[in-house]
Amino acid sequence: DYNISVRRIRKVSTFLCRSYQKETIVKKWGILMIKDLPACPVETTLMLISDRWKVLIIRDLLEGTKRFGELKKSIGNISQKVLTANLRSMEDSGLLTRKIYAEVPPRVEYTLTETGVSLKPVLDAMFSWGTEYKKKNGPCA
């Protein structure tokens with residue numbers, strides 16, 4: 001039970017894991033709070049970045065702030081709807097921030113938060129593992 005005003009939080013999503021549900025709540029100012037986090041840290045990480053697009057979004061934003069169109073172009077074969085949903089989910093999880101400029105046409109920029117940047121070692125490890133795997137199992141192996 002959490003002592004948080006209902007006016008100051010909104011439900012983001014419910015994750016089904018094993019045989020019980022975990023409910024995620026987010027404060028409106030962007031700080032992630034999760035009830036019933038998985039006991040396993042790997043499962044917690046996967047809960048936040050398990051979608052293949054999220055990892056690619058993080059990869060691209062590690063280079064710096066990007067606009068929506070830049071992300072869509074650099075990621076490749078992703079629909080606008082799927083990219084938007086993933087960006088919103090990542091913003092709700094506290095992995096990135098979205099800055100909207102009052103211009104015509106509207107300009108929106110995405111930047112990783114400190115939490116998002118802290119995933120760099122995870123992506124570095126994935127890069128190293130993938131490189132080694134390709135060497136051993138690629139077409140020229």
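Can you name every residue in the stretch 54-95 that is β-branched (Val, Ile, Thr) and touching a helix residue (DSSP H, G or I) at 6+ places or on another chain (Cβ under 7 Å)? The answer is 55, 57, 58, 75, 78, 82. Residue count for the stretch 89-103 under the criterion of being of a type outside the set (D, E, K, R) and in a strand (DSSP E or B): the result is 4. Within the stretch 34-67, the set of residues being farther than 17 Å from residue 92 by Cα and modelled with pLDDT of 95 or more comprises 56, 59, 60, 62, 63, 64, 65, 66, 67.
Residues satisfying the criterion are absent from the stretch 65-87 (criterion: closer than 21 Å to residue 43 by Cα, in contact with a strand residue (DSSP E or B) (Cβ under 9 Å, 6 or more places away or on another chain) and not in a helix (DSSP H, G or I)). Beta carbons closer than 6 Å, at least 6 apart along the sequence or on distinct chains, pair a first residue in the stretch 112-141 that is of a type outside the set (Gly, Ala, Ser) with a second that is surrounded by 13 or more Cβ atoms within 10 Å (Cβ to Cβ) and part of a helix (DSSP H, G or I) for 112/61; 119/58; 123/59.
Tally the residues that are touching a strand residue (DSSP E or B) at 6+ places or on another chain (Cβ under 9 Å) and exposed (fewer than 14 other Cβ atoms within 10 Å of the Cβ), restricting the search to the stretch 97-107.
Within the stretch 97-107, the subset touching a strand residue (DSSP E or B) at 6+ places or on another chain (Cβ under 9 Å) is 97-101, 106-107.
Subsequent filtering for residues that are exposed (fewer than 14 other Cβ atoms within 10 Å of the Cβ) retains 99-101, 106-107.
Counting residues in the stretch 97-107 that are touching a strand residue (DSSP E or B) at 6+ places or on another chain (Cβ under 9 Å) and exposed (fewer than 14 other Cβ atoms within 10 Å of the Cβ) gives 5.
Have a look at 116, 94, 76 and point out the one that is of a type outside the set (A, V, I, L, M), surrounded by 13 or more Cβ atoms within 10 Å (Cβ to Cβ) and at pLDDT below 95.
Values: 116 fails: at pLDDT below 95; 76 fails: surrounded by 13 or more Cβ atoms within 10 Å (Cβ to Cβ).
Result: 94 is the single residue among 116, 94, 76 that is of a type outside the set (A, V, I, L, M), surrounded by 13 or more Cβ atoms within 10 Å (Cβ to Cβ) and at pLDDT below 95.
The values are calculated or read from the model by the stated rules, or taken from the named source; none is laboratory data. Predicted model, so just to flag it, every value in this text is computed and none were measured. Methodologically, a virtual Cβ is constructed for each residue, glycine included, from the backbone with ideal geometry; neighbour enumeration extends over all protein chains shown.
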